[in-house]
Protein chains: 2
Amino acid sequence: MIKFDEKDRKLLAMLQEDSKNTNKEYANKLGLSTTAVYERIKRLEKSGVITKYVALVEKKKVNKAFVVLCHVKLIQHTKDNVLQFEREILKIEEIVECYHVSGDYDYILKIHVEDMEAYRAFMVSKLTAIANIGSTQSTFIINEVKHTTAIDV
Amino acid sequence: MIKFDEKDRKLLAMLQEDSKNTNKEYANKLGLSTTAVYERIKRLEKSGVITKYVALVEKKKVNKAFVVLCHVKLIQHTKDNVLQFEREILKIEEIVECYHVSGDYDYILKIHVEDMEAYRAFMVSKLTAIANIGSTQSTFIINEVKHTTAIDV
DNA sequence: AATGAAACACTTCTGGT
DNA sequence: ACCAGAAGTGTTTCATT
């Protein structure tokens, strides 16, 4: 397991906040040269700590602001059934997250659609079209209080 | 509301998948010049469709692979109580997501910690230290089947 | 591990269609 | 909106400590 010093931690925090700054700026804030920053970033990438760099998109601007958490229970829990279900989930673009969880339900999904009507259509033609789904329960998100992609290191 | 053509859609998909490619590469895939790509990206940024560029970090590599969904019910629901609760949530680094939801509970939180012991410590000293929390129910994530930051446009 | 300076690549601007 | 080419800026390599 890779070891971080304080500068690595600060650098990771900055990269998770804004990856488009220049190495010079990171260097200034860390009290290092651009080359030192460059080498630290490469080390974080090669060790697998940083997996990718992405653009984040505002849901409201692309008509996907209606967010639903859906609890799903399967009928059968054989290995094949479970794997088949998970394969189907990966193919459905409206599902942005899917977790296998402990408790009363088997899975919790997060779904992004335009509005309630689009959600109804999604449920009818996409989600419940998957075999082996026993029951579902939808929880609608009224407000997103906090949502960060950054992990505190 | 900004209008997208097919090239904007493809460009957004590529930027959400990997924002560190060069404009030349995006240009090649879209059949445009680097300048045209540059201008389209600037338009997406200025219109607020792209909100930021970030590095994504692998939870397992930074000892934050224990993920819990916690349902929270408040005692009082006056405006001040709610705002106070939401302010506290923003300050707690282990909480990466917080949604105000419909249904039996008021909020659903997503929490990243190292392990069960760290979760226990988090519950005792951070979460339940917030005033006005009525009840909590924790759902442990056994497996992350899908998790993408990309929204289909 | 770190540095400054050189070499290289990419982004951004300009002028024109 | 688009393009080609110039100018500016950032990244990456290298020799050195």
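Below, the figures for the structure above:
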| quantity | calculated |
| --- | --- |
| Odd one out for B:Thr51, checked against (1) within 17 Å of the chain's Cα centre (by Cα); (2) among the hydroxyl-bearing types (Ser, Thr, Tyr); (3) within 16 Å of DNA strand D (Cβ to nearest atom) | (3) |
| The listed residue being modelled with pLDDT of 95 or more, within 12 Å of DNA strand C (Cβ to nearest atom) and not assigned by TED's automatic domain parsing to the domain that holds A:Tyr119, out of A:Lys20, A:Lys29, A:Lys52 | A:Lys20 |
| Segment A:135-145, subset at the interface with chain B (Cβ under 7 Å from one of its Cβ atoms) and out of contact with any Leu (no Cβ under 6 Å at 6 or more places or on another chain), residue surrounded by the most Cβ atoms within 10 Å (Cβ to Cβ) | A:Val145 |
| Residue in segment B:22-40 that is nearest to the other protein chains (Cβ to nearest Cβ), counting only those that are near DNA strand D (Cβ under 6 Å from one of its atoms) and under 17 Å from A:Ala55 (Cα atoms) | B:Arg40 |
| Positions within segment B:56-76 being outside any strand (DSSP E or B) and over 16 Å from the mean Cα position of the chain (by Cα), in sequence order | B:Lys60, B:Lys61, B:Val62, B:Asn63, B:Ile75, B:Gln76 |
| Inter-residue pairs, beta-carbon under 6 Å, first assigned to a helix (DSSP H, G or I) and in segment A:30-47, second near DNA strand D (Cβ under 9 Å from one of its atoms) and not acidic (Asp, Glu), 6+ apart | A:Thr34/A:Asn23; A:Thr34/A:Lys24; A:Thr34/A:Ala27; A:Val37/A:Asn23; A:Val37/A:Tyr26; A:Val37/A:Ala27; A:Tyr38/A:Asn23 |
| Number of the exception - B:Gly103 against (1) under 19 Å from the mean Cα position of the chain (by Cα); (2) at pLDDT below 95 | (1) |
| Pick from segment A:41-59, criterion more than 7 Å from every other protein chain (Cβ to nearest Cβ) and buried (at least 17 other Cβ atoms within 10 Å of the Cβ), ranking: farthest from B:Asn21 (Cα to Cα) | A:Leu44 |
| Any hit, segment B:77-93, residues being within 16 Å of DNA strand D (Cβ to nearest atom), more than 15 Å from the chain's Cα centre (by Cα) and either at the interface with chain A (Cβ under 8 Å from one of its Cβ atoms) or not in a strand (DSSP E or B) (or both) | no |
| Matching residues in segment A:126-153 - criterion: being assigned to a strand (DSSP E or B) and farther than 28 Å from B:Lys61 by Cβ | A:Ile133, A:Gly134, A:Ser135, A:Thr136, A:Gln137, A:Ser138, A:Thr139, A:Phe140, A:Ile141, A:Ile142, A:Asn143 |
| Enumeration of residues in segment B:75-96 that are closer than 15 Å to B:Ala65 by Cα and open to solvent by less than 10 Å² (accessible area, probe 1.4 Å) | B:Ile95, B:Val96 |
| Enumeration of residues in segment A:100-125 that are open to solvent by 70 Å² or more (accessible area, probe 1.4 Å) and assigned to a helix (DSSP H, G or I) | A:Met116, A:Glu117, A:Arg120, A:Val124, A:Ser125 |
| Options A:Leu83, A:Leu74; residue that is in the same structural domain as A:Thr128 (by TED's automatic domain parsing) and in contact (Cβ under 8 Å) with a residue 12 or more places away in the chain | A:Leu74 |
| Residue match in segment A:32-39 (condition: open to solvent by 40 Å² or more (accessible area, probe 1.4 Å), hydroxyl-bearing (Ser, Thr, Tyr) and away from DNA strand C (no atom under 16 Å from the Cβ)) | no |
| Filter pass, A:Val62 being within 14 Å of DNA strand C (Cβ to nearest atom), β-branched (Val, Ile, Thr) and surrounded by 13 or more Cβ atoms within 10 Å (Cβ to Cβ) | no |
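The values are calculated or read from the model by the stated rules, or taken from the named source; none is laboratory data. Note that the structure is a prediction, hence the values are computed from the model and not measured. Because the Cβ atoms are built from the backbone with ideal geometry, glycine has one as well, and the counts that use them run over all protein chains shown. With ligands, DNA and RNA removed, areas are computed over all heavy atoms of the protein, side chains included. Shrake-Rupley method; radii C 1.70, N 1.55, O 1.52, S 1.80 Å.
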